[in-house]
Amino acid sequence: MDDFFKTSAEKTSIPKEYIWPEEDLVLAGEELEEPVVDLQGFFRGDWEATQHAAMLVRASCLKHGFFQVINHGVDSHLINMAHYQAKTFFKLPISEKQKGQQQLGSKWGFSVAHAHRFSTKLPWKEMLTFGFHHEGSNAAVVDFFQSFFGEGIEETGLVFQRYCEGVKKLSLAIMEILGISLGIDKSYFREFFQDGNAIVRANFYPTCPEPGLTLGIGPHSDPTSVTILHQDQVGGLEVFVDNKWKSIRPRHDAFVINLGDTFMALTNGMYKSCLHRATVKKHQERMSLTYFLCPREDKMIKPPQDLFSSREEKPRKYPDFTWFDFLRYTSEHYRADEATLQNFTKWFISFNP
């Protein structure tokens, strides 16, 4: 499998499993002018600045569900250390990485292109995925690295544990701002996710001999609630807005925030789940760190009363379901794409009439 990612002067094509349909490969023609939300005033307790941040968030979430945040409170040195540890891991020999190979039916471990689950339209990337619980053991991430990869990787686990703790604080702050932006109790979503968890993933996109034929990840909306991503400066993230793909200019000082399907359901469809993809390059590798915020698995995904009514103007768009229901659907039955929530809704209602 690792041989697929070796490039040379002799190699002029990529395996057919990695080739995507032409309609998914249409080039982005322009950059997205997404809002950059400054959180400094929020963390300082400045209500006027917080309202301004919430206004920017609302505008983007009503349209496409994507924005970036600066002055986010996560230490820049810690972010750099996390990127360094991820890069060091992906540069290990394939035999070392495969000690923690992700197994069918499991969410955790190292994987190449989701090839253990799918056989077509594979993404041109490697991934390292682990879990982080908001109210769990402080050593859970360290334990993951030691149990999956053995001794000698303790520093990687410690760095990612600290990184997750920092991003957790940011995620709850974003939930508070989202509540304010929706005109509901500012603590509603913060409390909803306080005892939640996260799926954490380091993504490595190797150089590709024919980047015009494949994607680092295909068009999809994240099934989770909110995605908090830090990317390097190479670029490749794109968002679908106004019926066209638009590229995202990386900002080293910013975290990318995009809404997922679960949060769209929590707003009764008012806020949009962000449709996005990642491209790859011929001569540049790319790295990103992704924190997928999720509620506790048994939490009922139901919007607050203010966002729906029994009257016709704001009917319920989705049934009540738990995060476990949705997670099981995407893990066992369906590959995340641009229609995941709609297809899950049909599937769920058919089994729960």
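Taken together, the values in this text are just the output of simple stated rules run on the coordinates, not laboratory data. None of the values given here were measured: they were computed from a predicted structure. Don't worry about glycine lacking a Cβ; one is built from the backbone with ideal geometry, like all the others, and counts go over all protein chains shown.
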Quiz item: Would you list Leu32, Leu27 from fewest to most Cβ contacts within 10 Å?
Solution: Leu27, Leu32
Quiz item: When the gyration tensor of the range 30-351 is built from Cα positions, what are the square roots of 5 times its three eigenvalues, in whole Å, from largest to smallest?
Solution: 29, 22, 21
Self-check item: Sequence ranges 239-249, 288-298, ranked by mean other-Cβ count within 10 angstrom, highest first
Solution: 288-298, 239-249
Quiz item: Running Debye on the range 54-187 with equal point scatterers at the Cα sites and no solvent, what base-10 log of I(q)/I(0) appears at q = 0.11, 0.16 Å⁻¹?
Solution: -0.54, -0.98
Quiz prompt | Neighbourhood charge, 11 Å Cβ-Cβ cut-off, centred on Pro303 and excluding it, Lys, Arg +1 and Asp, Glu -1 | solution = +2
Quiz item: Based on the Cα coordinates of the range 146-261, what is the per residue volume of their convex hull in Å³?
Solution: 161 Å³
Quiz item: When we measure straight from the Cα of Lys281, which lysines land under 19 angstrom away, once same-chain ones fewer than 8 places off are left out?
Solution: Lys6, Lys11, Lys16, Lys87, Lys91, Lys121, Lys125, Lys246
Quiz prompt | Rg(Cα) / (2.2 N^0.38 Å) computed for the range 203-353, rounded to two decimals | solution = 1.16
